[in-house]
Amino acid sequence: MNVVKVKNYDEMSEKACELIISKLKGNEKPVLGLATGSTPEGFYDRLIEAYEQGNITFENITTFNLDEYVGLAKDDPQSYHYYMYNRLFKHIDLKEENAHLPKGDAENLKEECERYEQLIKAAGGVDIQLLGLGTNGHIAFNEPGTSFESRTQVVNLTESTIEANSRFFENKDDVPTEAVTMGIGSILESDEIVMLVSGENKSEALAQIINGEITEDNPATVLQKHKNVTIIADEAALRKVK
Ligand code: GLP
């Protein structure tokens, strides 16, 4: 596991942008796994700048997002579809048909999960997967206790995740209680994983990934099993790492 220590959020976003662009440029038809949440916002802003400056084109890139809330339509401002479109996709030359997210409002969610797995497979798998980190150690929406073998599935969100994500909603009661998420097994199949971590509130979860035991009670500790992981973390997030 390669840990890159940076000063703060801005430096984390900058480093992530440099690293991911260099990886994308080394691949003719890259498949990039994307994440949502507050953590990658600065990274997406820099990616847009790099595109505007002509440093990167997304013409040959395919993207797969990790997750989506159940029950929210694409155009719902709280959906991850909406987040991705507004924060990244509409600003760059990524082809619409190459940008994928699970459909949280699909009529048959089980079929949707299978469809999503097949789509990833058909694209040849994810080359680089971007990840954030939940304060309880969740990755994507894989909450503590999720099997390391899990595939794309519908999950219940824990009270702590609902609480953490309620900041994006008007009322806590508006936060969906379920999500469609790529499984831990699906995520581990990516060739390479880049995790971004910023802030004191992630320091315990991050210390567990780096120094703790591998356990399903703390999903992100599974990264210790992957052969190619880079964690870009700021000083506040690294505070509890030995
Ligand atoms: C959300 C997302 C995750 C994200 C995590 C951390 O619930 N499903 O993919 O990594 O929480 O979010 P944030 O970056 O806002 O702290």
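The values are calculated or read from the model by the stated rules, or taken from the named source; none is laboratory data. These figures come from a predicted structure and were not determined experimentally. Cβ placement follows ideal geometry from the backbone for every residue including glycine, while neighbour counts extend to all protein chains displayed. These area figures cover heavy atoms from the full protein model, side chains too; ligands, DNA and RNA do not enter into them. Shrake-Rupley method; radii C 1.70, N 1.55, O 1.52, S 1.80 Å.
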Task: Long-range neighbours under 7 Å by Cβ, at least six apart or interchain, first residue under 17 Å from S38 (Cα atoms) within region 182-209, second of a type in the set (S, T, N, Q) - done: V194/T230; L196/T39; S198/T39; N201/T135; K202/T135; A205/T135; A205/N136
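Within region 106-131, take every residue that is part of a loop (DSSP other than H, G, I, E, B) and among the acidic types (D, E) and give me the one that is nearest to the ligand (Cβ to nearest atom).
Only one residue tops the list, namely D127.
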TODO: Can you confirm whether region 203-217 contains a residue that is touching a Pro at 6+ places or on another chain (Cβ under 6 Å) and away from the ligand (no atom under 13 Å from the Cβ)?
DONE: yes
Open item on the list: Given the condition among the acidic types (D, E) and more than 21 Å from I139 (Cβ to Cβ), answer yes or no: does some residue in region 25-36 qualify?
Closed with: yes
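Take N98 and tell me if it is open to solvent by 30 Å² or more (accessible area, probe 1.4 Å), under 28 Å from K15 (Cα atoms), at pLDDT 95 or above and within 16 Å of the ligand (Cβ to nearest atom).
No, not satisfied.
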Open item on the list: Can you list the strands (runs of 3 or more DSSP E) lying wholly within region 145-242 that have 2 or more residues being within 27 Å of F43 (Cα to Cα), open to solvent by less than 50 Å² (accessible area, probe 1.4 Å) and in contact with a helix residue (DSSP H, G or I) (Cβ under 8 Å, 6 or more places away or on another chain)?
Closed with: 192-197, 229-234
TODO: Considering each residue of region 132-144, count those that are more than 10 Å from the ligand (Cβ to nearest atom) and open to solvent by 20 Å² or more (accessible area, probe 1.4 Å), and give that number.
DONE: 1
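Just to be sure, is T215 β-branched (V, I, T) and at pLDDT 95 or above? Walk me through it before giving the result.
Numbers: β-branched (V, I, T): yes; at pLDDT 95 or above: yes.
Against the criterion (β-branched (V, I, T) and at pLDDT 95 or above), T215 qualifies.
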